[in-house]
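Accompanying notes for the structure given below.
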Amino acid sequence: MNDKYKIDLESLYRQVIMDHYKNPRNKGLVGWPHVHIKNPSCGDDITIEALVEDGVVKKIHHQGTGCSICCSSASVLSETLEGKTVEEANELIEEFFEMVKGKENPNEELEEALVYQGVAKFPARIKCATISWKALQRLLNGDEDE
Ligand code: ZN
């Protein structure tokens, strides 16, 4: 991969992240089971809600405040994992965690979430990228908030 291509790819990733930050998909809570997580180190504060029926993640909503990485990641998550079975969603969540820690050749089923590959170079931001995914993981494992 030459340097020019690499830079273009990074700017494309940045554009996708900024688009989800400015125009979040599936934002706003509707009263489904939820998990709330805070990341005190940078002020991220996210609640994830999911509608799970017949073992399928039908819909994911999110609400919260935080940095662009954190908020965009919740929006990307809500689109990427919608329609997956709980088992598939749990696998992709694990793959996402490994990818942001630097694993090469991540699972392409992560689709738009692949834009967070670059986060591996900024260890302080890994928490920002993963907070909403951790919240959904807890939710899918039955550890929901009251
Ligand atoms: Zn953050």
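The values are calculated or read from the model by the stated rules, or taken from the named source; none is laboratory data. Note that this is a predicted model, so its numbers are computed, not measured. FYI the Cβ positions are ideal-geometry reconstructions off the backbone, even for glycines, and counts take in every protein chain you see. Ligands, DNA and RNA are stripped out before the accessible areas are found, and what is left, the full protein with its side chains, is counted by its heavy atoms. Shrake-Rupley method; radii C 1.70, N 1.55, O 1.52, S 1.80 Å.
Taking every alpha-carbon pair within the stretch 1-118, the share separated by more than 22 Å comes to 36 percent. The equivalent ellipsoid that matches the C-alpha gyration tensor of the stretch 34-101 spans semi-axes of 21, 14, 9 angstrom, in descending order. What is the magnitude of the charge dipole of the stretch 25-97 about its Cα centre, with +1 placed on the Cβ of each Lys and Arg, -1 on the Cβ of each Asp and Glu, and no other charges, expressed in debye to the nearest 20? Its charge dipole is roughly 380 debye. In order along the stretch 45-55, the phi-based Karplus estimate (6.51 cos²θ - 1.76 cosθ + 1.60, θ = phi - 60°) of 3J(HN,Hα) comes to 8, 10, 10, 10, 10, 9, 9, 10, 9, 6, x Hz; Gly and Pro are listed as x. Only lysines eight or more places from Lys84 in sequence, or on another chain, were considered; those with a Cα closer than 27 Å are Lys22, Lys27, Lys38, Lys58, Lys59, Lys101, Lys103, Lys127, Lys134. By the beta carbon rule, with partners counted only under 4.7 Å, the chain holds these lone Cys residues: Cys42, Cys67, Cys71. Per atom type, the chain shows carbon and sulfur on 49% of its accessible surface, probed at 1.4 Å.
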